[in-house]
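No lab work stands behind these numbers, since they all come straight from the coordinates. Everything numeric here is computed off the predicted structure, so don't read it as measured data. Because the Cβ atoms are built from the backbone with ideal geometry, glycine has one as well, and the counts that use them run over all protein chains shown.
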Amino acid sequence: MKALNYGLPVQMEEETGELKFGEGVLCAGVKAKCFGEIKNLAYDPEEAQDGEHCYTFYQDIWKEQDAPLFAKHRITNGITVLMPGLMGYECHKNSGHYHGMAEGRASTLPEVYEVLSGRAVFFLQQSHSFLEESGPLQVERLRAFFLTEGEKLVIPPFTAHCVVNVGKGPMAFGNLAVPCPLHYEPIARMHGFGMYLLRIQGQLAFVPNPRYRDLPLLEVARPKECPELGISFDTPLYAAFVRRPDTFAYLGHPGQCDQILAALYE
Ligand SMILES: [Fe+2]
């Protein structure tokens, strides 16, 4: 068993990726997905094995005494464990989505992720017109962030995100967000993001999805710390949120941090 640096006692079984929660840690629900459910997003759908376990999502993980704090700030959290390996040549990934417009707001809501075990590539795909249903999805910006344990990433508004496991074992990552509608359909109708991540003869290779038009150049990037947004690589998100919940107010009100968010990864 591997102890995850989550700010709560959480361990991961290293073969199966199953999580075990320590005494006093509550988890509201568990959902699992198989590759058959995401085969329409694969580089080669023939290679996705219908019954093979893809990822497990553990939702709302906290100590009982911290529950009122999450409720007060309307914050939800979770841990996803994404299994290692390849679908044909493509590295295992989750489905990815855009966050929907919350009522009365001018932008979609951001989210924060942290890698708890393993190595990940996060694809960030920005599109202000993601809700338009005709023609190819227009992408303004496409980035791939390489993250390792302890590193964190803020997903800006209007940006779809999906996670790829590029390590050898199950990859665990945590998230923190304000609940909002999630849109999987713009990605589904394009059969994935603008870029697929393959492993060919041991080397990672980015391969464009030919269904997109005028795809911008892929930017390969690394995450950064940002104390103003509660992002420190040596403090788990759970601990950072419980200690200073107001620091994460931008998750529900991104307009307050527009400039910091815009400049974060430039
Ligand atoms: Fe999300």
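Couple of notes before you dig in:
- Filtered residues of region 63-84 (kept if within 19 Å of the chain's Cα centre (by Cα) and under 19 Å from L19 (Cα atoms)): T76, N77, G78, I79, T80, V81, L82, M83, P84
- If you go through region 129-148 and keep only what is farther than 18 Å from S107 by Cα and charged (D, E, K, R), you end up with E133, R143.
- Condition check for T148: more than 29 Å from Q65 (Cα to Cα) and within 16 Å of the ligand (Cβ to nearest atom): no
- Condition check for L153: among the aliphatic types (A, V, I, L, M), under 24 Å from F233 (Cα atoms), within 16 Å of the ligand (Cβ to nearest atom) and not in a loop (DSSP other than H, G, I, E, B): yes
- Residue satisfying condition, being over 21 Å from E151 (Cα atoms), more than 15 Å from the ligand (Cβ to nearest atom) and in contact with a strand residue (DSSP E or B) (Cβ under 8 Å, 6 or more places away or on another chain), within set C54, C91: C54
Conditions tested, residue by residue: (1) in contact (Cβ under 8 Å) with a residue 12 or more places away in the chain; (2) assigned to a loop (DSSP other than H, G, I, E, B); (3) among the polar types (S, T, N, Q).
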residue	(1), (2), (3)
V163	yes, no, no
F173	yes, no, no
P186	yes, no, no
R199	yes, no, no
P210	no, yes, no
P216	yes, yes, no
